[in-house]
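Let me begin by presenting the structure, written as structure tokens, before commenting on it.
The values are calculated or read from the model by the stated rules, or taken from the named source; none is laboratory data. Worth saying up front: this structure is predicted, and the values here are computed from it rather than measured. Cβ atoms come from the backbone with ideal geometry, glycine included; neighbour counts cover every protein chain shown. All accessible areas refer to the heavy atoms of the entire protein, side chains included, with ligands and DNA or RNA removed. Shrake-Rupley method; radii C 1.70, N 1.55, O 1.52, S 1.80 Å.
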Amino acid sequence: PAAVGHPPNQSTLCWPASRRDGTTERQLAVMPDTPWPVSSLPFLGLLLPSSAIPRVGLPEKRLFISGDDMDFTMRACKAGYALYLQPTAVLHHPLPALRPMRILHRTIWMQSIPALKLYFEVRNRLWVARHHHGLGPQLGVLFVTLYRFAFTMVQMPDRRQQAKAYLHGILDGMLGRLERRPLGP
């Protein structure tokens, strides 16, 4: 199902839906009512046959809190399963807290999350990119992460903890170190 915000935001997807053709969509209202072929899905409402587990495996527990669903559904695609987002089936979920930043006459939206969760998001995105797509795409994710890091240092609260989360997350993600937990349990 489509994970959308609580009213009055029930037309906004919590996370952009990425089609297999590379296009993305953030608004449910512009999507057709037919199933949308996507490259990954969140665990929220995910349905799959139990026969998929022997072929796909279990979710990677070391990725818990961010990216575990992306890794799992990408593995499902590699195992031959097709993923679809069904826009007519919805579940409500809190929208991520976003903060606007104006840069060169453009508004960029940054997600505001605690440092501990940020560490896992950064580390896991880098690991997933390398694990599923290779070094080139991982470097692309690193570039975007460094860009976000620079603007976090300008705009976000608690910059010291945020910087620590970014730096540890980048290092551990690039090196594939999923066992470390430098910011807490």
**Asked** Out of residues 5 or more away from VAL38 or on other chains, whose amide H comes under 5 Å of its own, with H placed 1.01 Å from N in the peptide plane?
**Response** ARG20, LEU83, TYR84, LEU85
**Prompt:** Add -39500 (n - 2.57) for each DSSP H run of 4 or more in the chain, then divide by its residues: what number comes out at 222 nm, to the nearest 500 deg cm²/dmol?
**Reply:** -13000 deg cm²/dmol
**Using θ = phi - 60° and Karplus 6.51 cos²θ - 1.76 cosθ + 1.60, couplings along the range 8-13 (whole Hz; Gly, Pro as x)** = x, 9, 6, 9, 9, 5
**Fill in**
If amide H atoms are modeled at 1.01 Å from N in the peptide plane, then the residues at a separation of 5 or more from THR12, or on another chain, having amide H under 5 Å from its own are GLY5, LEU28
**Rounded to the nearest 10 Å², the accessible area of SER50 at probe 1.4 Å** = 100 Å²
**Request:** Scan around MET110 for amide H atoms under 5 Å from its own, H built in the peptide plane at 1.01 Å from N, and keep only partners 5 or more places away or cross-chain.
**Result:** ARG99, MET101
**Request:** Leaving ligands, DNA and RNA out of it, report the carbon-plus-sulfur percent of the accessible area of the chain at a 1.4 Å probe.
**Result:** 61 percent
**Fill in**
Residues other than ARG55 with Cβ under 11 Å of its Cβ, Lys/Arg counted +1 and Asp/Glu -1, net out at +2
**Prompt:** Which distance in Å, rounded to a whole number, links the C-alpha centroids of the range 23-98 and the range 141-185?
**Reply:** 25 Å
**Asked** With labels modelled as points extended 7 Å from the Cα through the Cβ direction, what inter-label distance (nm, one decimal) is found for TYR147 paired with ARG26?
**Response** 1.4 nm
**Message:** Net charge within 14 Å of GLY140 by Cβ-Cβ distance, Lys/Arg positive one each and Asp/Glu negative one each, not counting GLY140 itself?
**Reply:** +3
**Request:** Rank by packing, highest mean first: peptides 76-85, 122-131, with packing defined as the count of other Cβ atoms within 10 Å averaged across residues.
**Result:** 122-131, 76-85
**Request:** Take the alpha carbon gyration tensor of the range 104-185, find the square roots of its eigenvalues, order them as a ≥ b ≥ c, and report rounded if a/c is under 1.5; if not, report prolate when a/b exceeds b/c, else oblate.
**Result:** oblate
**Message:** Just want to confirm a number: the relative contact order over the range 61-162, from Cα pairs under 8 angstrom separated by 6+ residues, in percent.
**Reply:** 26 percent
**Message:** On a full-extension model of 0.36 nm per residue, what is the gain between ALA52 and TRP109, subtracting their alpha-carbon distance, rounded to one decimal in nm?
**Reply:** 16.9 nm
**Request:** Leaving ligands, DNA and RNA out of it, work out the accessible area of PHE72 with a 1.4 Å probe and give it in Å² to the nearest 10.
**Result:** 10 Å²
**Message:** Nothing charged except the Cβ atoms of Lys and Arg (+1) and of Asp and Glu (-1): what's the magnitude of the dipole of the range 1-151 about its Cα centre? Round to the nearest 20 debye.
**Reply:** 440 debye
**Item:** Mean accessible surface per residue for the chain, computed with a 1.4 Å probe while every protein chain stays in place, in Å²
**Value:** 57 Å²
